[in-house]
Amino acid sequence: MPQVWLVTGASSGSGLELVKIITGKGDRVLAASRTPEKLSSLASDNVKPVRLDHNEPLDLIQSAIKDILASYGTIDIIVNNAAYVQTGILVEVSPEDSLRQFQANTLGPLNL
């Protein structure tokens, strides 16, 4: 029986490539992105683009997950791929940018 995957950050990079690999083996993917319109070309019986921003407040994440679960009724595997990379020397990075990276790469995946 095909498994259902939720892949965050699916609109580019390794997330997008992972979606292609997963569907190539016959599984279903809930391809999550802040802008799922970017994934419209991948939409099929096995790929459903969905909106999810794990940087939003927890109640909005929970609401989005509830909607996402309604798509296939279950999620077997979650790939927390969405990330934010802040470049630069630490002393030159603003506290706001540091917090944005911490939110995206630590708190966001934990909330999901």
Self-check item: Flag if Ala83 is at pLDDT below 95 and not hydroxyl-bearing (Ser, Thr, Tyr)
Solution: yes
Exercise. Can you confirm whether the stretch 17-36 contains a residue that is touching a residue at least 60 places away in the same chain (Cβ under 8 Å) and among the aliphatic types (A, V, I, L, M)?
Key: yes
Practice problem: Please work out if Ile61 is surrounded by 18 or more Cβ atoms within 10 Å (Cβ to Cβ), under 12 Å from the mean Cα position of the chain (by Cα) and part of a helix (DSSP H, G or I). | Solution: no
Exercise. Quick one: Ala82 ticks every box in (1) in a helix (DSSP H, G or I); (2) in contact (Cβ under 8 Å) with a residue 60 or more places away in the chain; (3) small (Gly, Ala, Ser) except a single one, so which number is it?
Key: (1)
Self-check item: Single unsatisfied condition, Leu69 versus (1) surrounded by fewer than 14 Cβ atoms within 10 Å (Cβ to Cβ); (2) free of Cβ contacts under 8 Å to residues at least 40 places away in the same chain; (3) under 22 Å from Leu110 (Cβ atoms)
Solution: (1)
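Please indicate, with yes or no, whether at least one residue in the stretch 93-101 is closer than 20 Å to Ser14 by Cβ and touching a Leu at 6+ places or on another chain (Cβ under 8 Å).
no
The values are calculated or read from the model by the stated rules, or taken from the named source; none is laboratory data. Quick caveat: nothing in here was measured; it's all calculated off a predicted structure. A quick note on method: Cβ atoms are made from the backbone with ideal geometry, for glycine too, and the neighbour counts reach across all protein chains shown.
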